[in-house]
1. Output wanted: per-residue J couplings in Hz (rounded whole) for the stretch 57-69, from phi through Karplus 6.51 cos²θ - 1.76 cosθ + 1.60, θ = phi - 60°, x for Gly and Pro.
2. Any idea what the dipole of the stretch 155-241 comes to, in debye rounded to 20, about its Cα centre with Lys/Arg Cβ at +1 and Asp/Glu Cβ at -1?
3. Between Ile121, Gln73, Leu194, whose Cα lies farthest towards the positive end of the dipole of the stretch 3-236 when Lys and Arg beta carbons carry +1 and Asp and Glu beta carbons carry -1, centred on the Cα centre?
4. Over the alpha-carbon set of the stretch 191-245, divide Rg by the Kirkwood Rh and report the Rg/Rh ratio to two decimals.
5. Ordered by residue, what ³J(HN,Hα) values in Hz, to whole numbers, does the stretch 132-146 give under the Karplus form 6.51 cos²θ - 1.76 cosθ + 1.60, where θ = phi - 60° and Gly and Pro are x?
6. The stretch 55-117: Rg/Rh from Cα coordinates, Kirkwood Rh?
7. Report, please, the projected area of the stretch 9-108 averaged over directions, based on the convex hull of its C-alpha atoms, in nm².
8. Just want to confirm a number: the relative contact order over the chain, from Cα pairs under 8 angstrom separated by 6+ residues, in percent.
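No value in this document is a laboratory result; all are computed from the given coordinates. Being a predicted model, the structure only gives us computed values, none of them experimental. Cβ: placed from backbone, ideal geometry, glycine included. Neighbour counts: every protein chain shown.
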Amino acid sequence: MTYCVGLCVEEGIVMLSDTRTNAGLDNISSFSKMHVAEVPGERALVLMTAGNLAVTQTVWNLLQQGVRLEGAQHRLDTVPSMFRAAQLVGAAVRQVQQMDGAALLAQGLSFEASILLGGQIAGGPPKLYLVYSAGNFIEATADTPFLQIGEHKYGKPILDRVLNMRTSLQEGVALTLISMDSTIRSNLSVGLPLDLAVIRRDALHIGIRRRITDEDPYYRVIRDGWAGALREAYLNLPKPDFPVA
């Protein structure tokens, strides 16, 4: 399993993914699930994946080689808009399904791939999309400025309660790390190290791309501070004013 989360706020995009991949309790390894397509001054795109690793790696390789979209061959560094980029990712997913779907089914395996695509292309605003296994997709909006894939349930409450379009990129980084730490604590299939990318609106390059390990001082502050704040908040809550049998 995995957990990836992306935010799209007024200041830009924050993307965070874990790296744990497991095929059983005794077969755990790390693979980066974050991929970057960047032409500084023109576009900055980040793609994060969850699902069958062989499927998602093939999708990424196809996107680098080129995928046919509306009669022409395109890559993420040539599409004219973020919407077209999401369409291209969807087309790549469908192409892999056509190639490998039947073989996976014959082995009793389902075709699983979900992809977060975030970034900005010159001439348009920052965008964040979630592409499903069928190749269709949804876009983050002002009402829901975040999207998640993988083991999302543990990291969602903090985002629901705090995040909005006016959240700064600095606050967004902290929120995604809290969301990830909550997931790591509750699910063994999600784990360090983490990959972080930040794209500021209209910068058209990836301002931060960082590998976060257990030794990262800021991650330790977030992890320990959040745990302590939760304990303190719990202890400060009033106890029941009725008898407890």
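1. Karplus values, whole Hz, x for Gly and Pro: 5, 5, 4, 4, 5, 4, 5, 6, 7, x, 10, 6, 9.
2. So the magnitude is around 180 debye.
3. Going by the charge dipole, the pick is Gln73.
4. Working: Rg = 19.2 Å, Rh = 14.8 Å.
Rg/Rh: 1.30.
5. 8, 4, 7, x, 7, 8, 10, 10, 5, 10, 4, 6, 9, x, 9
6. Details: Rg = 12.2 Å, Rh = 12.1 Å.
Reported Rg/Rh (Cα atoms, Kirkwood Rh): 1.01.
7. Details: hull surface 32.9 nm².
For the stretch 9-108, the mean projected area of the Cα convex hull comes to 8.2 nm².
8. Numbers: 495 pairs, mean separation 67.4, N = 245.
It rounds to 28 percent for the chain.
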